[in-house]
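Colleague: Here's a structure for you.
The values are calculated or read from the model by the stated rules, or taken from the named source; none is laboratory data. None of the values given here were measured: they were computed from a predicted structure. Glycine also receives a Cβ, built like all others from the backbone with ideal geometry; neighbour counts cover every protein chain displayed. Ligands, DNA and RNA are stripped out before the accessible areas are found, and what is left, the full protein with its side chains, is counted by its heavy atoms. Shrake-Rupley method; radii C 1.70, N 1.55, O 1.52, S 1.80 Å.
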Amino acid sequence: GALLLGARFRPGIEVMLDVLGFAPALERADLVITGEGSLDEQTLHGKAPAGVASAARAVGKEVVAVCGRLALAPEALGRAGIRRAYPLTETEPDIATCIADAGPILERTAERVARDYLS
């Protein structure tokens, strides 16, 4: 038979946020930035950005996302608790260039986020 040790199943993202010390960091945050290669329907079903947004929204923090590609309407982002998404393709329309030069394009995207939210 099975031996139960008071264990319970938890979504993987909850476990990861605990391991990473997300809650204490969240308390100090002015803005939460999450991200994923492609923000799409799968994002809304248990992937990291949705879990981060859910935890942040629970304590009243604003969330934006940075992504390589955006395939969600603003309404769907809003339902997930993400106020706005910043796809790299807004900065550089060519996907191959986004992949090859992701670092500098992410830096430019981060400057846009900072201008929009932290100024």
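Colleague: Considering the values (i) 1.05; (ii) 1.28; (iii) 0.97, which represents Rg/Rh (Cα atoms, Kirkwood Rh) as calculated for the structure under consideration?
Modeller: (i)
Colleague: Tell me, what % of the accessible area of the chain is carbon and sulfur with a 1.4 angstrom probe? The partial results should precede the final answer.
Modeller: Details: 4320 of 7570 Å².
Its accessible area is 57 percent carbon and sulfur atoms.
Colleague: Calculate the spin-label point distance for Ala25 paired with Arg115, positioning each point 7 Å from the Cα along the beta-carbon direction, and give it in nanometres.
Modeller: Placing both labels 7 Å along Cα→Cβ, they lie 2.7 nm apart.
Colleague: Compute the accessible area per residue over the chain, keeping the other protein chains in place, probe 1.4 Å, unit Å².
Modeller: On the way: 7570 Å² over 119 residues.
Per residue, the chain has an accessible area of 64 Å².
Colleague: Run the numbers for Ser38 and Val59: contour at 0.36 nm per residue of separation, minus the present Cα-Cα distance, in nm.
Modeller: Working: separation 21, 0.36 × 21 = 7.56 nm, distance 2.57 nm.
In short, 5.0 nm is gained.
Colleague: Report the full-extension gain for the segment Asp18 to Thr97: residue separation times 0.36 nm, less the Cα-Cα distance, to one decimal in nm. Can you show the working numbers first?
Modeller: Numbers: separation 79, 0.36 × 79 = 28.44 nm, distance 3.50 nm.
Roughly 24.9 nm would be gained on extension.
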